[in-house]
Amino acid sequence: QEQFVESGGGLVQPGGSLTLSCVLSRDLRTALDIYIMGWYRQAPGKERELVATLAPAGDADYLDSVKGRFTIATDKAKDTMYLHMSSLKPEDTAVYYCHAPRHTDEISWGQGTQVTVSS
């Protein structure tokens, strides 16, 4: 079974907002407590890039191009992490994935969710 299931993507106009969700499998129920978690995105023709990270202690970091617009969050009771996106730009268009940055080689990637920002 997939370890990460992303959802919430869709078509949104520039300047709009969208919230992505990532449900972790029960096998990873402790991940939010012990792993640094993150959101990635991959646009056509580009490499996958790390967009945001959140450590168990609450320290968050963001790609410069999304600072002030994106917020990463978790809900441990629901085994879920979120990416709140606002003031969206066409260059935010990509497939978005969640993962644990330090464990990408040993845990399978999910299918991702497509975000398209276009007028």
Quiz prompt | Test: Ala100 is in contact (Cβ under 8 Å) with a residue 24 or more places away in the chain and at negative phi | solution = yes
Quiz prompt | Selection count, the stretch 31-41, where residues are open to solvent by less than 30 Å² (accessible area, probe 1.4 Å), more than 14 Å from Ser21 (Cα to Cα) and of a type in the set (Ser, Thr, Tyr) | solution = 0
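Hey, any hits in the stretch 62-70 for a residue that's touching a helix residue (DSSP H, G or I) at 6+ places or on another chain (Cβ under 7 Å) and open to solvent by 60 Å² or more (accessible area, probe 1.4 Å)?
No, because not a single residue in the stretch 62-70 is touching a helix residue (DSSP H, G or I) at 6+ places or on another chain (Cβ under 7 Å) and open to solvent by 60 Å² or more (accessible area, probe 1.4 Å).
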Exercise. Taking Glu49 as meeting all but one of (1) in contact with a Leu (Cβ under 8 Å, 6 or more places away or on another chain); (2) closer than 17 Å to Pro14 by Cβ, write down the number of the exception.
Key: (2)
Practice problem: Please give the number of the condition Asp27 fails out of (1) exposed (fewer than 13 other Cβ atoms within 10 Å of the Cβ); (2) touching a residue at least 40 places away in the same chain (Cβ under 8 Å); (3) more than 16 Å from the chain's Cα centre (by Cα). | Solution: (2)
Exercise. State all residues of the stretch 42-57 that are crowded, with 23+ Cβ neighbours inside 10 Å and charged (D, E, K, R); if no residue qualifies, say none.
Key: none
Exercise. Filter the stretch 72-96 down to the residues that are of a type in the set (Asp, Glu) and surrounded by fewer than 13 Cβ atoms within 10 Å (Cβ to Cβ), then identify the one that is nearest to Leu32 (Cα to Cα).
Key: Asp75
Self-check item: Pairs, first without any contact (Cβ under 8 Å) to a residue 24 or more places away in the chain in the stretch 34-53, second assigned to a loop (DSSP other than H, G, I, E, B), C-beta under 7 Å, six or more apart
Solution: Ile34/Pro56; Glu49/Leu63
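The values are calculated or read from the model by the stated rules, or taken from the named source; none is laboratory data. On a predicted model such as this, the values are computed, not experimentally measured, just so you know. We place every Cβ from the backbone using ideal geometry, glycine too, and count neighbours over all the protein chains shown. The protein model used for the area step is the full one, side chains on, heavy atoms only, and it has no ligands, DNA or RNA in it. Shrake-Rupley method; radii C 1.70, N 1.55, O 1.52, S 1.80 Å.
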